[in-house]
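The values are calculated or read from the model by the stated rules, or taken from the named source; none is laboratory data. Model, not experiment: these values are computed from the prediction. Cβ coordinates were reconstructed from backbone atoms using ideal geometry, including for glycine residues, and neighbour counts include every protein chain displayed.
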Amino acid sequence: MDNENQTPRGKTGPKPKQLKPVEMLGLEIGRGETKNIVPPEHVYDLTALGLSSREIAQFYGVTDDSIRRNFAAEIAKGAVYQKIKLRRAMMKNATEHMNAAVQIFLAKAMLGMSETGSSENTVLPWVETEDNNNEDSQQDNTIGQHSDEDMV
């Protein structure tokens, strides 16, 4: 058998993958042993997935303050993208998939609708228009107007 295709346990198969150095562009964040390269596009992608700056900092092993200070634009843009993506998904669920729960939520959130119904004891509002006022006044003028001949 070929020794090149054997794994350390003596079983045949492909060799384990070896890490290769790759050049990566990013900002050098941190000091001393905690210094890491953080690519701005990774911060944007992680924020767009919903990660907080604290979680991104933990992932890269740097402070939350360093991430927020050095990548403020990427964090803001990623957060906006996340909101847009969520709104698209909600609208699709409400309009194409006819999800009633999402429709109700969007009606409340976007249209200002509420579930408070009117009680039976509530008086409905009366709206006066000029047409209604003119008709009422004409009827009032004809009532009680009698000629002298009607009185005799």
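Tell me, which residue of the stretch 67-84 that is surrounded by 14 or more Cβ atoms within 10 Å (Cβ to Cβ) and over 23 Å from Val22 (Cβ atoms) is nearest to the chain's Cα centre (by Cα)?
Filtering first and then ranking leaves Gln82.
Look through the stretch 29-52, keep the residues that are part of a loop (DSSP other than H, G, I, E, B) and at pLDDT 90 or above, and return whichever of them is surrounded by the most Cβ atoms within 10 Å (Cβ to Cβ).
In this case the residue turns out to be Leu51.
How many residues are at positive phi and in contact with a Ser or Thr (Cβ under 8 Å, 6 or more places away or on another chain) if we restrict to the stretch 19-59?
1
Which count do you get for residues in the stretch 20-75 that are charged (D, E, K, R), closer than 28 Å to Leu86 by Cβ and out of contact with any Asp or Glu (no Cβ under 7 Å at 6 or more places or on another chain)?
Residues that pass the stated criteria total 8.
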